[in-house]
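Derivation of every value follows stated rules applied to the coordinates shown; laboratory data play no part. Please read all numbers here as calculations on a predicted model, not as lab measurements. Every residue, glycine among them, receives a Cβ derived from its backbone with ideal geometry; neighbour counts consider all protein chains shown.
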Amino acid sequence: MAWAIEVKNLTKYYGKLLAVDHISFQVKEGELFGFLGPNGAGKTTTQRILTGVIEANDGDAEIMGYNIQKDAFNAKSIMGIVPELANPYIDLSAWDNLMLMGQLYGISREKRNEKATLFLKMFELYERRNQKVKTFSKGMKQRLLLSMALISEPRILFLDEPTNGLDVQSARFIRNLIGELNGEGVTVFLTTHNLEEANQLCHRIAIIDHGKIATIDSPQNLRRAFQKMQSVEIGFATPFDRIDLLEKLIGVSKVKKMGDKFRLYTEAPSRVVYELTNFVRDNSLKFTTLNTLGPSLEEVFVKITEEHIGWDYEK
């Protein structure tokens, strides 16, 4: 197995605060790996260590076989980075930002021109290539940052909340691009708090909470591991508010009112559907909605971070 990232016992203190608590994990080469957690969980600190911005107090991290602390030059030369709190140089044009980044990576003028043209057209910025970045919207700046990260043709791309604060169209554009880049073989380490984004894009997800890795697995397997969080969603044609009667149905563990619908949590959805069919008939009701649902990634995330379940479930 070729590891793009290999982390062993990584630890970071800020004074007495233990921000990253002896974590270990691996990211496969060519993988799109999501790194999720609540605010303050250690996500950004971990990424800043992996990209050589700050040093760990203990442990090791290797990027494509290069130790980020002992061989930072080679490690950084193969990565592209889009930090959460970053801006292009706003008093330079989009073109000049790309030229500067290319120079920093030692890319020839001819290659810089070729790549800058390619990415500015790809990101729909070419027509404004000579305008100063201070006139750009947030979405345009984010697309330019991605262009700057890609101009060196990185083997691994670190993204920290790349769609945070963007409008729907810009966020969708960037998500689609991330998927395309990964499809072309670029390893992506995606830090995000957007659960649906992680669900759409990632092969595997690590959830970090209070500086520790709670679990690592695919979105599908994480949902499957929480069978108790399956549910049946129902709506009735006439007003109904007797949650207590629904809670008494065989197989139902909990009932929640969700707008004009009810969600019945269960480990046995088929049994609950059978019980509901009898219930509707016996009470002269009619369904407007009847759906069986697996647990959402958001529900799994909340459950893990609330209870901090830490089982050995890496795959």
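Details
- Relative to the longest principal axis of the Cα atoms of the chain, helix 94-104 runs at roughly 70 degrees.
- Measuring nothing but how far apart in sequence close Cα pairs (under 8 Å, 6+ apart) lie, relative to its length, the stretch 227-294 scores a relative contact order of 49 percent.
- Relative contact order of the stretch 14-96, pairs being alpha-carbon contacts under 8 Å that are 6 or more residues apart, as %: 17
- Anchor residue 141: aspartates and glutamates whose Cα lies under 19 Å away (excluding residues fewer than 8 positions away in-chain): 84, 91, 96, 124, 127, 160, 161, 167
- Candidates 174, 243, 208: whichever shows maximal mean-square fluctuation once the chain is modelled as a Gaussian network with Cα springs under 10 Å: 243
- Counting charges near residue 165 (Lys, Arg +1; Asp, Glu -1) among other residues having Cβ under 15 Å from its Cβ returns a value of 0.
- Structure-derived semi-axes √(5λ) of the Cα gyration tensor in Å - corresponding label in (1) 42, 19, 15; (2) 47, 26, 16; (3) 44, 25, 15: (3)
- Exposure proxy shown here: for 44, 288, 266, the number of other Cβ atoms within 10 Å sets the order, fewest to most, as 288, 44, 266.
- Ellipticity estimate at 222 nm from DSSP helix runs (n ≥ 4, -39,500 (n - 2.57)) divided over the chain, nearest 500: -10500 deg cm²/dmol
- Excluding same-chain neighbours fewer than eight residues apart, the lysines reachable from residue 16 by a Cα-Cα span under 26 Å are 8, 43, 70, 212.
- For residue 28, distant residues with modelled amide H under 5 Å away: 4
- Local charge for residue 198 was computed over the other residues whose Cβ lies under 11 Å away, with Lys and Arg +1 and Asp and Glu -1, and equals -1.
- Note on residue 286: aspartates and glutamates with a C-alpha under 19 Å away, same-chain residues under 8 apart excluded, are 233, 241, 244, 247, 260, 275.
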